[in-house]
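**Student:** Please see the structure below; I have some questions.
The values are calculated or read from the model by the stated rules, or taken from the named source; none is laboratory data. The structure presented is a predicted model; accordingly, all values stated were derived computationally and were not measured. Positions of Cβ are generated from backbone atoms using ideal geometry, with glycine treated the same way; all protein chains shown enter the neighbour counts. Just the protein is used for accessible areas: all its heavy atoms, side chains included, with ligands, DNA and RNA removed. Shrake-Rupley method; radii C 1.70, N 1.55, O 1.52, S 1.80 Å.
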Amino acid sequence: MRAEATRLVRRGAVFSLDHPIGAFDPYPSGTRPPTRHEIFSTNPNHRDDWLDSFYLQSTSQIDGLRHIRHPRHGFYGGTPDDRVKVGTPDLGIQVWADHGIVGRGVLLDMVRHFEFIGDPINYQQPRYIDQSDLDDCAQRQGVQIKPGDMVLLHTGWASWYLEQRAKENVVRGFSVGLNQSHGVAGWLWDHRIALAAADNVALEAWPTSADSDFWDADEPAPESGANHNGMLHRTLIAGFGLAVGEMWSLRRLADDCAEDGQYEFLLVAKPLAVVGGVGSPPNAVAIK
């Protein structure tokens, strides 16, 4: 599949899919403080630098398999909780970094699709994308989803968020994204998707749908932090072992796909080789 994906490169056009480090500081969730970049020199002809408070999921990111555990079934593959800590390699992001994530990428341009059907996205309210929306978008674009594909959802949310913040507008806590349903999970599983990423804050919609198929009425609310009850994350990461991408930079790629009508490309992502890492910037590019 990787070898076949290389034959999708026709023009040699390269699209970076990462926002800069610090682009979303402070992060919308409020749990990841800003990163500080420092430069020093030991002589007039030398420069070196470091990052302070660098949260590996504070900008464009890939969620590793340590990021979420299922409250009943635990971490992916039954990995014991005491193996998921600093100093252990189990489920660490370095596993993906060691060989890279390479294959056929497919962009589903939900922004243009919803505009085409006369139902454009309103970023001031939640918007839940169902499996039928994914199928309809792919059909309209004339692209087929194949086993092993990496699907990128262009929702327009990150671009809108950055534009609103630059204008100092108040951004409400809503995000368009995948619906928390068995249908959407089944779509990803049945298509054997290797990676699913979007230009939004969680791949799935936020807040979680009140009708989430994954809601557990017996689960107590956490004492601190976000309440992940009902989220699709638990099934995708702890259940499927899926690579989940968030806050990717997709506008320029989406514009190019709309212009040339080609929604498939070679996708290469190289997470940081942090042994035992929970997540990482994707360091991703699409090549057409």
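**Student:** Has segment 166-178 got any residue that is among the aliphatic types (A, V, I, L, M), assigned to a loop (DSSP other than H, G, I, E, B) and surrounded by fewer than 23 Cβ atoms within 10 Å (Cβ to Cβ)?
**Tutor:** The answer is yes, given that some residue of segment 166-178 is among the aliphatic types (A, V, I, L, M), assigned to a loop (DSSP other than H, G, I, E, B) and surrounded by fewer than 23 Cβ atoms within 10 Å (Cβ to Cβ).
**Student:** So, one more: Show the residue pairs that are 6+ apart or on different chains and have beta-carbon atoms under 9 Å apart, the first residue being within segment 273-288 and farther than 27 Å from Arg10 by Cβ, the second being aliphatic (A, V, I, L, M) and surrounded by fewer than 18 Cβ atoms within 10 Å (Cβ to Cβ).
**Tutor:** Filtered contacts from segment 273-288: Gly276/Val86; Ser280/Leu272; Ser280/Ala273; Ser280/Val274; Pro281/Ile21; Pro281/Leu272.
**Student:** Just a yes or no: is a residue in segment 99-118 at pLDDT 95 or above, assigned to a loop (DSSP other than H, G, I, E, B) and open to solvent by 20 Å² or more (accessible area, probe 1.4 Å)?
**Tutor:** yes
**Student:** For segment 1-22, give me each residue that is over 16 Å from Ala284 (Cα atoms) and either open to solvent by less than 60 Å² (accessible area, probe 1.4 Å) or among the basic types (Lys, Arg) (or both).
**Tutor:** If the condition is that a residue be over 16 Å from Ala284 (Cα atoms) and either open to solvent by less than 60 Å² (accessible area, probe 1.4 Å) or among the basic types (Lys, Arg) (or both), then Arg7, Leu8, Arg10, Arg11, Gly22 are the ones that fit.
**Student:** Kindly indicate whether any position in segment 141-160 is basic (Lys, Arg), at pLDDT below 95 and open to solvent by 30 Å² or more (accessible area, probe 1.4 Å).
**Tutor:** Within segment 141-160, not a single residue is basic (Lys, Arg), at pLDDT below 95 and open to solvent by 30 Å² or more (accessible area, probe 1.4 Å).
**Student:** State whether one or more residues within segment 80-89 are part of a strand (DSSP E or B) and open to solvent by less than 50 Å² (accessible area, probe 1.4 Å).
**Tutor:** Within segment 80-89, not a single residue is part of a strand (DSSP E or B) and open to solvent by less than 50 Å² (accessible area, probe 1.4 Å).
**Student:** Out of the residues in segment 119-128 that are out of contact with any helix residue (DSSP H, G or I) (no Cβ under 6 Å at 6 or more places or on another chain) and surrounded by 13 or more Cβ atoms within 10 Å (Cβ to Cβ), state the one that is nearest to His182 (Cα to Cα).
**Tutor:** Looking at residues that are out of contact with any helix residue (DSSP H, G or I) (no Cβ under 6 Å at 6 or more places or on another chain) and surrounded by 13 or more Cβ atoms within 10 Å (Cβ to Cβ), I get Tyr128.
**Student:** Scanning for something in a loop (DSSP other than H, G, I, E, B), within 19 Å of the chain's Cα centre (by Cα) and basic (Lys, Arg), does segment 257-270 turn up at least one residue?
**Tutor:** Within segment 257-270, one or more residues are in a loop (DSSP other than H, G, I, E, B), within 19 Å of the chain's Cα centre (by Cα) and basic (Lys, Arg).
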